[in-house]
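What follows is a set of notes on a single structure, which appears directly below.
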Amino acid sequence: MRQTWRWFGPKDLVSIDDVREAGAEGVVTALHHVPTGEVWTRDEIAKRKAEVARRRDGRTSGLVWDVVESIPVSEDIKTRSGNWRAHMEAWIGSLRNLAAEGVETVCYNFMPVLDWTRTDLAYEVATGATCMRFDLVDFAAFDLFILEREGAEADYDEAIRAAAKTRADAMDDDARMALGRNVVFGLPGAADNFTLPDVRARLRDYAGIGTADLRANLTAFLSIVAPVAEELGMRLCCHPDDPPFPLLGLPRIMSTEADYTKIMDAVPSSASGITLCTGSLGARPDNDLPGMIDRLGDRVHFLHLRNVARESGDVRGSFHEAEHLGGDTDMVAVIAAVLREERRRYEAGRPDASIPFRPDHGQDILDDKTRHAQPGYPAIGRLKGLAELRGVIAGLGHAKGA
Ligand code: DNO
């Protein structure tokens, strides 16, 4: 398993020197400054590669850009409307330029409007660490009383609606603003920042688009980009919905094993694969993560290892981000399944036998609380996560005599 680390570029308060000291072997990054729908030029890609390769004092870092996370897929592509053709061409242009620069693995997502969604960015857990949380009642309060989405009542049962009303009534303007900011104003890595009127307009764009339509649009997108990726020797990997259930009345199509199976079967090229995110998928009790790795493993090109503590037994429920070996996902079983998949690949002589993973998110601990890096991406919290995961990998490898 190849140990990688997400880096948001030169503005990231966690530096390349820090990434090295954490012991990561590779970097996951993106050209966040290039607007969605535009081509990533070779020059810009080469510049980012050089930034990854250099320490603060100019010496080489020994790190390489292993995975792109993400080339954003525009709303026009997802809805197959407006400028989708031009955006597809740009997406393919970016793939070609990345391949020419030797970057082969590209993560993306197909979530309508919002990328990952949380209601609280600094929820305090028992140890005093803080983490990100999704609270269904807060989310309903946002949906019903801040966004005031038409038809939202139908999406919540009476108990949730009543609790959301009580919560919204108790919020002052600052609290409403803060909740709105957390939900829609763009968490790190999301391609766009939205305002409330933007979100309302975007939701209208999806008015006639149901689950089957969105799935057809993803299949159409992959039918065009996967052959190009295959020709270039690249691996595309679709990130799951986070959280893995519908929000704001929008369709969601990458939330379960059945969702993934449908897309993998629809476009059976190995260039079209999976970013298996244990944190996103693990928010649903009905997702069997080690089983998914056993069954879909040959198409898993990238792993996000993260744990969540589910706060209810419901498919759609509140959760918060736990320590990497805490929470409801059996991380040791997940890693054991990944090692089994890697063994199969080694035996088959596959060049991609070592699967890149990154410690996804982390709780804010110690100096993280004063560094104020990107929410969810603290230096020390992630370093602790990586160290724990590395320990499990070493332990399981040792037990097998690997
Ligand atoms: C959140 C991330 C997501 C992810 C995209 C992939 O921390 O996992 O923003 O990068 O969904 O396209």
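Points to keep in mind about this one:
- Within the straight-line cut-off of under 23 Å between alpha carbons, the lysines reachable from K262 are K78, sequence neighbours fewer than 8 places apart in one chain being disregarded.
- Label-point separation, T36 to A387 (7 Å along Cα→Cβ), nm: 3.8
- Loop-located GluC sites (Glu not before Pro) in region 121-217 whose Cβ has at most 16 other Cβ within 10 Å (DSSP): E148, E150
- Of the whole protein surface, T166 contributes about 100 Å² of accessible area at a 1.4 Å probe radius.
- Whichever lysines have a C-alpha closer than 18 Å to that of K49, once near sequence neighbours (fewer than 8 apart) are set aside: K11
- Rounded percent of accessible protein surface that carbon and sulfur make up, the chain, 1.4 Å probe: 50
- Label sites at V228 and A353, each approximated as a point 7 angstrom past Cα along Cα to Cβ, lie 3.2 nm apart.
- In a DSSP loop and with at most 13 other Cβ atoms within 10 Å, the trypsin sites (Lys or Arg not before Pro) in region 1-57 are K11, R56.
- Local electrostatic count at E25 - Lys and Arg +1, Asp and Glu -1, tallied over other residues with Cβ under 14 Å: +3
- Shape class for region 45-172: oblate, because the ratio a/c of the largest to smallest gyration tensor axis (alpha-carbon atoms, square roots of eigenvalues) is 1.5 or more and b/c is at least a/b.
- A simple rule links phi to the HN-Hα coupling: the Karplus curve 6.51 cos²θ - 1.76 cosθ + 1.60 with θ = phi - 60°, which for region 117-124 gives 10, 9, 9, 9, 9, 9, 8, 7 Hz, with x for Gly and Pro.
- Computed over neighbours whose Cβ is under 11 Å from that of V34, the net charge equals -1, Lys and Arg +1, Asp and Glu -1.
- Here's the list of aspartates and glutamates a cross-link from K47 could span, going by alpha-carbon distance under 18 Å and ignoring same-chain residues fewer than 8 apart: D12, D17, E38, D57, D66, E69, E101, E104.
- The chain shape via C-alpha gyration tensor axes, a/c threshold 1.5: rounded
- Whole-number accessible area per residue in Å² for the chain, which is evaluated in the context of all protein chains at 1.4 Å: 40
- In this simple spin-label approximation, A266 and K165 carry label points 7 Å from Cα along the Cα→Cβ vector, and these lie 4.0 nm apart.
- Gain on full extension, evaluated as 0.36 nm per residue between D174 and D288 minus their Cα-Cα distance, stands at 37.1 nm.
The values are calculated or read from the model by the stated rules, or taken from the named source; none is laboratory data. Everything quoted here is computed from the prediction, not taken from an experiment. For neighbour counting, all protein chains shown are included, and Cβ atoms are generated from backbone atoms with ideal geometry for every residue, glycine included. Ligands, DNA and RNA are stripped out before the accessible areas are found, and what is left, the full protein with its side chains, is counted by its heavy atoms. Shrake-Rupley method; radii C 1.70, N 1.55, O 1.52, S 1.80 Å.
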